[in-house]
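Have a look at the structure below, then the notes.
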Amino acid sequence: MLDKVRKSIETNNLLQAGDRVIVGFSGGIDSVCLLAVLNQLKMEYRLELWALYVNHALRPDENEQELQLLYSLGERFKIGVKEINIDIPGKLRQKQQSLQLLAREQRYRAFQQFYDEINATKIALAHHRDDQAETIMYRIIRGTGLDGLAGIPVSRDNKIIRPMLEISREEIREYVLSHGLNWVEDSSNQKLIYQRNRLRHQLIPQIESSYNPRFKEALFRLGAIAQEQRDFMEVLFNSDVLANISRDEQKVGIALKQFLSYHPYLQYYILKQMVAMLIPNLQLEFVKIMRLREKIRNENYSLDPFHIYKGVMVRVRDGILIIEKTDAAIRYNQQIYQIDTHLPNIFADINLLLRIEPAILPVQFDRISNDEIYIDASKVTLPLTIRFWRPGDHFQPLGLSGTQKLHDFFINQKIAKSQRHRIPLLINGDGRIVWVVGYRMSEEFKVVESTKEVWRITVETTDRD
């Protein structure tokens, strides 16, 4: 295994002699393995290693075990160790928000803080081959373009590196056991309420046993060739296209004649890059970019101005295809709010308070307000999120036998155009709409006779002025 990690380091230029490397340490088997492997390579690459543990104060008993392991390995390997404590429960009390998103944000902030503090050169993370396969499979299920098939990058910005990305979970376990290393198990990895865990423990094993015993290897190969394709497209775009694109803070443009002369896939890639230039953090959906490309190809010079996202307009003027910002406040189509199923969720910037709690069905359904629904908990995939209307959204309104475009639903409900982007949508972990908040829940999540667990979900405004 050591040779495989060394080969990945050399092939991908992950480390340089004398690097000061922060190793993300959680106490789990993967991070223990990564720390041990890099310690073995420490002399060869003249590395200065630091193990960084971010304590979120969420699991006191396990946190204590992980800390003991951190200091034990630090002493054994003669490396630096660092614990950064973050009072996540306290921050949640100050401002209710998604626990998972807050923890992730604070963790990466801690990494950056310590990176700057010790003038580090690399941050090493313990993602491995199985993580890569699961990520690619997850993206296929959700619907991704070719870029998404590339999965997790082995390095990013010559700063974050993943030396074990070509190592399997089985190889990691063998290495750790053969070297007499201990680790702390994270019990949440076994909970099937999380879609990622169902992929790992149910779907992928079923495919391996029934269709292809080397399915994860096939996914990994797919990711590798998709990464090559992504790298090639970046080089092609920078060498042949970028000089033809004009841009400022409010818009990007390219001559329509030039755009139409390119291969259709390159047109798709150009549109994706143009939107990314305009709004770097905007989450781009493969289907929306494909639809935009087809609309431009079909209408070309007669293209009427239209919005692809709230505040982002596409138009043709004087032969130039332009993508521009039309409204600085684009949050209603961009922002996604992750929901904690155990705590009240306060989203102050959209004046929304959402609660989820176990319940029994009310005796009189006609007395249920528009601000509450009852759903079958077993039909939910976490994480639940809140977002706003996007073109193409559809769902199956309660009581109907088929799906309906959300656009048509709004028309039927006589909701003014100016208000449609302001109606929150409760979204299941697999992307389906659970509830058009305040109007109608989905038939797919209704309580039935066989339902064993019922959730009551309520909303109220936080703007009480």
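Every read-out reported here was derived from the displayed coordinates using simple, explicitly stated rules and does not represent laboratory data. Note that the coordinates shown come from a computational prediction; the quantities given were computed from them, not determined experimentally. All Cβ positions, glycine included, derive from the backbone under ideal geometry; neighbour counts span all protein chains shown.
P(r) tail for the range 2-222: Cα pairs beyond 33 Å make up 17% of the total. Annotation for E208 and N370: the two label points, set 7 Å from Cα along the Cα-Cβ direction, are 5.1 nm apart. Scaled against 2.2 N^0.38 Å for its residue count N, the alpha carbon radius of gyration of the range 249-325 is 0.98.
Taking GluC sites (Glu not before Pro) as exposed when their DSSP state is a loop state and no more than 11 other Cβ atoms lie within 10 Å, the longest site-free interval of the chain runs over 1-248.
Which entries in K288/K310; K272/K295; K251/K417; K91/K159 show an alpha-carbon gap greater than 20 Å? Pairs exceeding 20 Å: K251/K417; K91/K159. As a proxy for reagent exposure, F286, F409 were ordered by neighbouring Cβ count within 10 angstrom, fewest first; the result is F286, F409.
Helix-derived [θ] at 222 nm for the chain: sum -39500 (n - 2.57) over DSSP H runs of at least 4, divide by residue count, nearest 500? Helices in the chain give a 222 nm mean residue ellipticity of -11500 deg cm²/dmol.
Relative contact order, whole percent, for the chain stands at 13, derived from Cα pairs under 8 Å and 6 or more residues apart.
Pick out the long, greasy-scoring helices in the chain: whole DSSP H runs spanning 24 Å or more along their own axis by Cα, mean Kyte-Doolittle at least -0.5.
215-236
Stretching S188 away from E460 to a fully extended chain increases their span by 94.8 nm, per 0.36 nm per residue minus the current alpha-carbon distance. Sorted largest first, the spans of the alpha carbon positions of the range 352-415 along the three principal axes are 34, 29, 26 Å. Labels on offer are (i) 62, 54, 45; (ii) 69, 64, 53; (iii) 64, 55, 39, and the one holding Cα extents along the principal axes in Å computed from this structure is (ii).
Overall shape of the range 115-210 was characterised from the C-alpha gyration tensor. The equivalent ellipsoid obtained from it has semi-axes of 25, 21, 13 Å, in decreasing order.
Residues of the range 368-395 with an amide N closer than 15 Å to a point placed 7 Å from the Cα of Q404 along the Cα-to-Cβ direction: 393-395. Computed from the alpha carbon atoms alone, the convex hull of the range 175-229 holds 138 Å³ per residue. For the pair E234 and E217, the difference between a 0.36 nm per residue extended length and the Cα-Cα distance amounts to 3.5 nm. Which values of log₁₀ I(q)/I(0), to two decimal places, follow from the Debye formula for the range 335-461 at q = 0.10, 0.20 Å⁻¹ with a uniform point scatterer at every Cα? Computed log10 I(q)/I(0) values: -0.29, -1.27.
Scaled to the globular estimate 2.2 N^0.38 Å, the Cα spread of the range 28-153, given as radius of gyration, is 1.23.
Gain on full extension, evaluated as 0.36 nm per residue between L353 and E443 minus their Cα-Cα distance, stands at 30.0 nm.
For the range 245-293, the direction-averaged projected area of the alpha-carbon convex hull comes to 3.3 nm².
Spherically averaged projected area of the convex hull of Cα atoms, the range 139-188: 5.8 nm². Using the alpha-carbon centroid of each, what span in Å lies between the range 22-100 and the range 228-301? Centre-to-centre (Cα) distance: 41 Å.
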